[in-house]
Amino acid sequence: MLNIQKIRSKKQSIIALGSHIPILQSILDFDYLAGKEGPSVIAIIASGRKNVRLFWGEKDVLIPVYPTLAHLPASVKNEITLFLNLTSGRRVLSSTVELLDSLPNLLGGALFAENVPEKHSIEIFNKIKPGSRIKSGMTSGQFIVGPASVGLMIPGHLKLGAIAGTDAEQLMDSHVFEPGSVAVFSSSGGMTGELIRLVTTVQKRISFSLSFGGDRFPILTPVEAFLAAEHDPQTKHIVYFGELGGYDEYELVDLIKQKKVTKPIITYIGGTISAMFEKPPQFGHAKAMASRGEETAQAKTKALKSVGVKAAQSFEEFIDFVKKIKIKDNIPLPDGNPHVKRALRLLEGGLKNDLPYEGSTERSEGRDVQKVLSKMQQRTHALFMNSISQDKDGSVEIVGEEMLSMATKRSFGHIVGSMLLGRQLKSKDTAEFIELIMKLLVDHGPYVSGAINTMIAARAGKDLVSSLASGLLTIGPRFGGAINQAAQHWLEGVAESIDPDEYVERSAKQNKRISGIGHRKYRVDTPDPRVNVILTFAKKLNKSPYTLFAKSIEAVTTAKKANLILNVDGAIAAVLLDVLSQKEKISPEELQELINIEFFNALFVLSRSVGFTAHYLDQRRKDEGLFRLSPKEVGFAE
Ligand code: ACO
Ligand code: LMR
């Protein structure tokens, strides 16, 4: 059920299904101008990208995009309280049901699409009606406005959809940042917007507003909206634009008779013109057709008037009724509400030359609305977005820390780890481990393929960068570039509790090598000393599932061949997974993302660049000239 006060009482976090930039931007503009600390949209389900770039005021902001709900980190799933479904009409049912089954703290949402099959709307209605079963374990009883709805708006607090407009100027004109006591709703999104402007133009303010959508079976019905208004302590008046067709208004009449709705209602029922036709015409909305007498605008108006509703005979009279709303109990501008206070501060002061509006306790001085608006209308997106560093206060800030402070106060391992993660490390243990890896990997003798390529390029007269690049280009699945794939093995193995024997057997059958296993030089009886140092670090951790799994794989592979040991790439991958999850509190989903972007391989590249550079300089010092093999050294196979 729709509980406005419950929504108003806490910060709401929205997930958008689909990406409709103007609507999403209007929500962020609303949030920004309402003085919120950050966007209410915290996740978007869409394909083909990792972020949607929007504006937060005049600055760029990235909203994370996930390909499916399954990709949402658990923390984000738990934070989401509302949804905005922007998918096409045919996809609304499946996507909405999946949302309801996946998100444990949903209060409700809005469906934007038109042409949602009626049976789909009914199925969604049955899914959320109180008492129905929902997989995610949460109780049913959510609200869903729509289909074909511009959504729900609670001034100064929530904009869930295109409601009140998608342009900052429209939002300003509609004063949707100043809470009031008049609830406004209608089937039509356009009419809802008009009513919001009508009410605020005559110096009243909105308590909440929504549009039911023009479908025959709106999931949230007018009756529910009237009951929500009745139970909302901030709402003192209800302004409703109805339409011919259907019986909603008669249900309202019954509620009024039962004194379940007692607040004063002003309404106008559109469609009186249909009486001039011999055969009742079908108006735009699916429900807007008076096939029976009581469905006509005239009949509904009469019935509403009979129970004391101010049901206007004309739109002019309707406007006049709205103008004459007496705001007896001024809703004091919620001084404690940081949103509204910040919005006014953001808008540079209070209202300029406006009459005192509902709830305002005093005429405040010049807010230059136009100045704020012109800034927002002139904003342009940056060419790049980066979270690593920026110019700030005349210095360079690196992952949030002033450059010199970081250089003089932080360990190299902390700096490397923070920059590669894109945020300050939480734990000194992480910094210590990363520094250890960086030191262990700098070189492994002039024999290894990457070092040799650097040395050959140096002796061919190439410059530092070219020779270094030659060595770096050698790093790959068999040499130095196996840390990432090894991390993938260990992450999957632990996540799926895979039996090590089965895992090795499956790889062998697929003729696939297990990254992180095997070495050309080291064997069971001649272990890699680096590996022992790395594994010893894991003993610092309370638990190390990834390291244990990697060791269990090694136990199987070394039983097959002595050189199939856990190599340095595999050991780093395992312990680093354990350190990041235990010490940096990084979730499995985020670890997967780090693997996807090659975070793990980055450490070998960074560290071994020192060794390759040393070999380059050494060869330049020796300058033995061009390196060339003899026919004896390169065999020829017939
Ligand atoms: N998983 C399964 N089987 C393996 C693996 C592995 N990781 N490595 C080697 N084998 C098998 C081969 O399939 C081959 O089997 P076969 O005799 O039945 O054909 C046998 O062991 C010998 O293979 P070689 O490639 O000749 O062995 P080599 O000692 O040259 O391999 C290498 C060393 C390249 C590291 C190999 O073990 C490998 O590819 N490992 C996976 C990639 C990896 O972890 N690389 C990082 C190494 S450490 C570093 O670069 C810093
Ligand atoms: C290295 O660190 O380069 C090695 O483990 C690879 C090798 O072939 O020695």
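The values are calculated or read from the model by the stated rules, or taken from the named source; none is laboratory data. Note that the structure is a prediction, hence the values are computed from the model and not measured. Glycine gets a Cβ as well: all are built from the backbone with ideal geometry, and neighbour counts include every protein chain shown. Please note that ligands, DNA and RNA were not included when accessible areas were found on the heavy atoms of the full protein model with its side chains. Shrake-Rupley method; radii C 1.70, N 1.55, O 1.52, S 1.80 Å.
Let me spell it out: the conditions are (1) open to solvent by 70 Å² or more (accessible area, probe 1.4 Å); (2) within 11 Å of ligand 1 (Cβ to nearest atom); (3) under 19 Å from residue 589 (Cβ atoms), and residue 511 meets all of them except one. Which number is the exception?
All conditions pass for residue 511, except number (3).
Counting only residues that are more than 9 Å from ligand 1 (Cβ to nearest atom) and part of a helix (DSSP H, G or I), which one in segment 558-571 is least open to solvent (accessible area, probe 1.4 Å)?
My answer is 571.
Results for (1) open to solvent by 10 Å² or more (accessible area, probe 1.4 Å); (2) more than 26 Å from the chain's Cα centre (by Cα); (3) not polar (S, T, N, Q), shown as yes or no for each residue.
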| residue | (1), (2), (3) |
| --- | --- |
| 96 | no, no, no |
| 119 | yes, yes, yes |
| 142 | yes, no, no |
| 162 | yes, no, yes |
| 171 | no, no, yes |
| 186 | no, yes, no |
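Anything in segment 472-507 that is within 13 Å of ligand 1 (Cβ to nearest atom) and over 30 Å from residue 545 (Cβ atoms)? List them, or say none.
474
Got a sec? Which of 415, 437 is part of a helix (DSSP H, G or I), under 28 Å from residue 579 (Cα atoms), outside the structural domain of residue 612 (by TED's automatic domain parsing) and within 16 Å of ligand 2 (Cβ to nearest atom)? Step through it out loud before you land on a result.
Numbers: 415 fails: within 16 Å of ligand 2 (Cβ to nearest atom).
Going through 415, 437 in turn, the sole match is 437.
Could you list all residues from segment 572-619 that are of a type in the set (A, V, I, L, M) and more than 16 Å from ligand 1 (Cβ to nearest atom)? Can you show your working first?
Here is the first cut: in segment 572-619, the ones of a type in the set (A, V, I, L, M) are 572-577, 579-580, 586, 591, 594-595, 597, 602-603, 605-606, 610, 614, 617.
Matches in segment 572-619: 579, 580, 586, 591, 594, 597, 614, 617.
Just for segment 1-43: of the residues that are part of a loop (DSSP other than H, G, I, E, B) and hydroxyl-bearing (Ser, Thr, Tyr), which one is surrounded by the fewest Cβ atoms within 10 Å (Cβ to Cβ)?
Going through segment 1-43, the residues part of a loop (DSSP other than H, G, I, E, B) turn out to be 1-3, 9-13, 18-20, 34-40.
Those left that are additionally hydroxyl-bearing (Ser, Thr, Tyr): 9, 13, 19, 40.
Details: 9: 10, 13: 18, 19: 18, 40: 21.
For segment 1-43, the residue satisfying everything is 9.
To keep it simple, each residue is scored yes or no on (1) in the same structural domain as residue 585 (by TED's automatic domain parsing); (2) under 22 Å from residue 571 (Cβ atoms); (3) at pLDDT below 95.
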site: 423; (1), (2), (3): no, no, no
site: 453; (1), (2), (3): yes, no, no
site: 494; (1), (2), (3): yes, yes, no
site: 499; (1), (2), (3): yes, yes, no
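Kindly provide the set of residues from segment 514-532 that are more than 8 Å from ligand 1 (Cβ to nearest atom), surrounded by fewer than 19 Cβ atoms within 10 Å (Cβ to Cβ) and either under 38 Å from the mean Cα position of the chain (by Cα) or not charged (D, E, K, R) (or both), ordered by number.
Matches in segment 514-532: 524, 526, 527, 529, 532.
Only one of these conditions is not met by residue 492: (1) open to solvent by 40 Å² or more (accessible area, probe 1.4 Å); (2) within 16 Å of ligand 2 (Cβ to nearest atom). Which number is it?
If we test residue 492 against (1) open to solvent by 40 Å² or more (accessible area, probe 1.4 Å); (2) within 16 Å of ligand 2 (Cβ to nearest atom), just (2) comes out false.
Cβ-Cβ below 7 Å, separation at least six or inter-chain, first residue in segment 504-533 and within 16 Å of ligand 2 (Cβ to nearest atom), second outside any strand (DSSP E or B) and open to solvent by 100 Å² or more (accessible area, probe 1.4 Å): which pairs?
515/477
Which members of segment 596-619 meet the condition of being in a helix (DSSP H, G or I), in contact with a helix residue (DSSP H, G or I) (Cβ under 6 Å, 6 or more places away or on another chain) and surrounded by fewer than 17 Cβ atoms within 10 Å (Cβ to Cβ)?
602
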